[in-house]
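What follows is a single structure, written as structure tokens, with notes after it.
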Amino acid sequence: MNKISIGLAIIAFFLIGFSTAAHAQKNEVKDNACVGCHTMTGATKGILNDWSMSKHAANNVTCNSCHAADQEDKDSFTHNGRLITKTPSPGDCSKCHPDQVKQFNAGKHSLGWTKMEATSRYKAIPEELRASMCEGCHNIGKVYADGSAGKCDSCHTRHLFSAEEARQPEACATCHMGPDHEQIDYYMTSKHGVIFDIDRNTTRAPTCVTCHADGGTHDVSQGITLGTVSQGAFISDRNSGNDYVTSPDGIVMRSITREDFNSGRTTMLSICSRCHSESFARDVLERADEIKRQSDAKVGEAIKIISDLYNDGLLDPMPENRPPNPVTGNKLTLTGHQTYSNTSGIEAQLFEMYKYALIHAWKGAYHMNPDYAHWYGWAQLNLDLDKIKAEDRRLRRLAELEKAQEAEKTGTKAKVPGFEAFAAVIALAALVSIILIRKRR
Ligand code: HEC
Ligand code: HEC
Ligand code: HEC
Ligand code: HEC
Ligand code: HEC
Ligand code: HEC
Ligand code: HEC
Ligand code: HEC
């Protein structure tokens, strides 16, 4: 026996000896049997080790407190004579932590799974691959057999379940990264992240949870306005709530009311103003709002160009000549349910523009990161728009040439623009020279 297993055996002995029925369980099996046998057999050693250092172990919350299952639980199975589940749910946590579960349900994390399942990009991925892709992050809103949603071990990992671990920015990093929502890097290289990195002191510099889980709330949606997930939101006094609608720029996003905007902004500013003057912070956030508006307009220009090409039948290939979008079918689909496969070249360019560059511009700005806002964001956005304009001109020129070629093939005179004018000038020149020659004679 090594030191760890001796330690665990002692803990197990302690638990066996002193377990009170403080946390009565569903199937009333004495908790200590799980720890005792797992310690003895060395089964799931790492899990036991994590658990033994947790507040749960210290408070006699053992394997069975979470893993016990009822006959009617859809995910239950018999394990050494006991009915257990491999996937304890927020429903199980809520017996002891009802407030955290309630707050979690009020925020968007709880929608992570259902939002994902509804999108075309999810449906377009072969089923057997999805678990290692979208689902690996969107399981933050995983829906369990008992109907409860939310993977509580996303930030305080099992089986340590430490509040301190969840307070660190790294706890958010696995999911809030990548070209379409790189919050971890926006933050870590912002002035805030740099100060935090130097002395890991949250009284000087804010972390993710300072701004997004104020007072320990599990509702991360508090204080979010235009900068909400995905393509963000725009203020509309007609459409309200969290519906996806088409914005004035043609981008599919949410609409929020002016009142919701004001109340969210007030919440966020109350956090900034613990360290900054409120007017300083307000200016910073209003500048980010403006970056969002102007960046959205750039993408709006690109959407207009592609829609015009579609109306003129010039996309290559046209949506009706490619496999249907899993949600919208053979319609032109830009942003929202737009896919990155079975598309046309110019739409693929728009995909990168709206999903990556646009995002860096304004999400970078909301996280006080000048470089993401500018080089990865605004600069790239402008370059992408120029490439889309060039592709538009190329497609239109090609279409003219093909039309001319077609006309030639079918015998009709090629209608190259300017040809008539050119012919008229030649004819006129010929006429003038004939007159001049005649005059000389
Ligand atoms: C008699 C010994 C014994 C007892 C009692 C016991 N376990 Fe286990 N458990 C094991 C061993 C050995 C393994 C690893 C091999 C396996 O998967 O069966 C294991 C595996 C597991 C697994 C993983 C199962 C899988 O299919 O991946 C879970 C979850 C688990 N135990 C939980 C519990 C809980 C909760 C209790 C108490 C209700 C418990 N165990 C009681 C010996 C035991
Ligand atoms: C505070 C609640 C809680 C306690 C206590 C707890 N677990 Fe878990 N356990 C979970 C959760 C949550 C999951 C992950 C559920 C999911 O994947 O959706 C999990 C998953 C597991 C798994 C499968 C995943 C893996 O990593 O292999 C095993 C095995 C397991 N637990 C064993 C144990 C054992 C053994 C104990 C006691 C030492 C224990 N658990 C105590 C909540 C708990
Ligand atoms: C049987 C009751 C019970 C269940 C079930 C339970 N817990 Fe706990 N939990 C506790 C107790 C008791 C504490 C210690 C509270 C304290 O120290 O104030 C605790 C503390 C915690 C902490 C704070 C740890 C820290 O570092 O301060 C977290 C996080 C936590 N639990 C998460 C969970 C999650 C997630 C689940 C479900 C997978 C769960 N708990 C299920 C009773 C439970
Ligand atoms: C397991 C992956 C995962 C982890 C870990 C994670 N998130 Fe998220 N987060 C998501 C997903 C997915 C969404 C989008 C959910 C949706 O709207 O469907 C999201 C959305 C958000 C939002 C936007 C809420 C809104 O109303 O627009 C905030 C803020 C947020 N997370 C903060 C955090 C913080 C802070 C942490 C770390 C303490 C964290 N997240 C950890 C996956 C994760
Ligand atoms: C997005 C990351 C994240 C997710 C997901 C998450 N938590 Fe937490 N949790 C935290 C943070 C951060 C803290 C520390 C809050 C504080 O005290 O500042 C915490 C603290 C806790 C505590 C200790 C509270 C206290 O006052 O000591 C409990 C209990 C808890 N969480 C339960 C849960 C449960 C249950 C779930 C699933 C519904 C869950 N957590 C999901 C981030 C998360
Ligand atoms: C100094 C405060 C602050 C810190 C620190 C911070 N954020 Fe934010 N976050 C914001 C603001 C401000 C917004 C936009 C608010 C709005 O919509 O008005 C935002 C928005 C978000 C969103 C919605 C999408 C977006 O980017 O606009 C997510 C997700 C998010 N933050 C995650 C994180 C994560 C993860 C971390 C840590 C790696 C973090 N934030 C650190 C202030 C902060
Ligand atoms: C690295 C983790 C990760 C992966 C992989 C991932 N997502 Fe996300 N997703 C997130 C986070 C984090 C957010 C919210 C942050 C933001 O938008 O700023 C999000 C946001 C979303 C949203 C917007 C939700 C809303 O409420 O508007 C949808 C839809 C979505 N993802 C679908 C998918 C699909 C489909 C896939 C796979 C094709 C996928 N995601 C892959 C982490 C991930
Ligand atoms: C816990 C304290 C704290 C909170 C909360 C906080 N900041 Fe900061 N912030 C700092 C510190 C310290 C600096 C570094 C000042 C320096 O560069 O000398 C800083 C720097 C900045 C900078 C870099 C530029 C500059 O000249 O200072 C901006 C922009 C900024 N904060 C905006 C915000 C906004 C907006 C919020 C709220 C969403 C916020 N901060 C919340 C402490 C905080």
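For region 356-373, taking the residues that are in contact (Cβ under 8 Å) with a residue 12 or more places away in the chain, of a type outside the set (A, V, I, L, M, F, W, C) and under 24 Å from ARG282 (Cβ atoms), the one that is most open to solvent (accessible area, probe 1.4 Å) is identified as ASP371.
Screening ASN80 with (1) farther than 21 Å from ALA69 by Cα; (2) in contact (Cβ under 8 Å) with a residue 40 or more places away in the chain; (3) surrounded by fewer than 14 Cβ atoms within 10 Å (Cβ to Cβ) gives one miss only, at (1).
Of all residues in region 128-163, those that are touching a His at 6+ places or on another chain (Cβ under 7 Å), open to solvent by 50 Å² or more (accessible area, probe 1.4 Å) and not in a helix (DSSP H, G or I) total 1.
Select from region 94-126 the residues that are in a loop (DSSP other than H, G, I, E, B) and within 14 Å of ligand 3 (Cβ to nearest atom) and write down the one among them that is nearest to HIS138 (Cα to Cα).
Checked region 94-126; the qualifying residue nearest to HIS138 (Cα to Cα) is SER94.
When the test is whether a residue is more than 10 Å from ligand 3 (Cβ to nearest atom) and not aromatic (Phe, Trp, Tyr), ASP73 passes it. For region 76-90, a residue qualifies if it is more than 29 Å from the chain's Cα centre (by Cα) and assigned to a loop (DSSP other than H, G, I, E, B), and the qualifying residues are ASN80, GLY81. Scanning region 51-75 for residues that are assigned to a helix (DSSP H, G or I) and either near ligand 2 (Cβ under 7 Å from one of its atoms) or under 27 Å from ASN105 (Cα atoms) (or both) yields TRP51, LYS55, HIS56, ALA57, CYS63, ASN64, SER65, CYS66, HIS67.
For the criterion of being under 21 Å from the mean Cα position of the chain (by Cα) and either without any contact (Cβ under 8 Å) to a residue 12 or more places away in the chain or farther than 28 Å from GLN380 by Cβ (or both), ASP243 passes.
Is it the case that THR114 is away from ligand 8 (no atom under 16 Å from the Cβ), closer than 18 Å to SER230 by Cβ and loosely packed, with under 15 Cβ neighbours inside 10 Å?
Numbers: away from ligand 8 (no atom under 16 Å from the Cβ): yes; closer than 18 Å to SER230 by Cβ: yes; loosely packed, with under 15 Cβ neighbours inside 10 Å: yes.
Judged against the criteria, THR114 is a match.
Collect the residues in region 155-180 that are out of contact with any Gly (no Cβ under 9 Å at 6 or more places or on another chain) and among the polar types (S, T, N, Q), keeping them in residue-number order. Result: THR157, SER162, GLN168. None of LYS123, LYS108 is more than 27 Å from ILE84 (Cα to Cα), in contact (Cβ under 8 Å) with a residue 40 or more places away in the chain and either assigned by TED's automatic domain parsing to the domain that holds SER76 or away from ligand 5 (no atom under 16 Å from the Cβ) (or both) except LYS123. For the subset of region 164-187 comprising residues that are assigned to a helix (DSSP H, G or I) and within 11 Å of ligand 7 (Cβ to nearest atom), which member is least open to solvent (accessible area, probe 1.4 Å)? Among residues in region 164-187 that are assigned to a helix (DSSP H, G or I) and within 11 Å of ligand 7 (Cβ to nearest atom), the one least open to solvent (accessible area, probe 1.4 Å) is TYR186.
Pull up region 243-258, narrow it to residues that are among the charged types (D, E, K, R) and either away from ligand 6 (no atom under 14 Å from the Cβ) or modelled with pLDDT under 90 (or both), then point me to the one that is most open to solvent (accessible area, probe 1.4 Å). Taking the candidates together, the pick is ASP243. Restricting region 75-112 to residues that are closer than 25 Å to HIS212 by Cα and among the polar types (S, T, N, Q) leaves a set whose member that is nearest to ligand 6 (Cβ to nearest atom) is SER110. Taking region 259-291 as the range and being open to solvent by 80 Å² or more (accessible area, probe 1.4 Å) and touching a residue at least 60 places away in the same chain (Cβ under 8 Å) as the test, the residues that pass are CYS275, ARG287. For region 309-364, a residue qualifies if it is of a type in the set (A, V, I, L, M) and in contact with a Leu (Cβ under 9 Å, 6 or more places away or on another chain), and the qualifying residues are LEU309, LEU314, LEU315, MET318, LEU332, LEU334, ILE346, LEU350, MET353, ALA357, LEU358, ALA361. Filtered by the rule that a residue be away from ligand 6 (no atom under 12 Å from the Cβ), in contact with a helix residue (DSSP H, G or I) (Cβ under 9 Å, 6 or more places away or on another chain) and part of a helix (DSSP H, G or I), region 206-217 gives a lone residue, GLY216.
Of note, THR203 satisfies the criterion of being hydroxyl-bearing (Ser, Thr, Tyr), free of Cβ contacts under 8 Å to residues at least 24 places away in the same chain and assigned to a loop (DSSP other than H, G, I, E, B).
The values are calculated or read from the model by the stated rules, or taken from the named source; none is laboratory data. No experiment lies behind these values; they were computed from the predicted model shown. Neighbour counts are summed over all protein chains in view; Cβ atoms, including those assigned to glycine, are modelled from backbone coordinates with ideal geometry. Quick note on the areas: whole protein, heavy atoms, side chains included, nothing else; ligands and nucleic acids left out. Shrake-Rupley method; radii C 1.70, N 1.55, O 1.52, S 1.80 Å.
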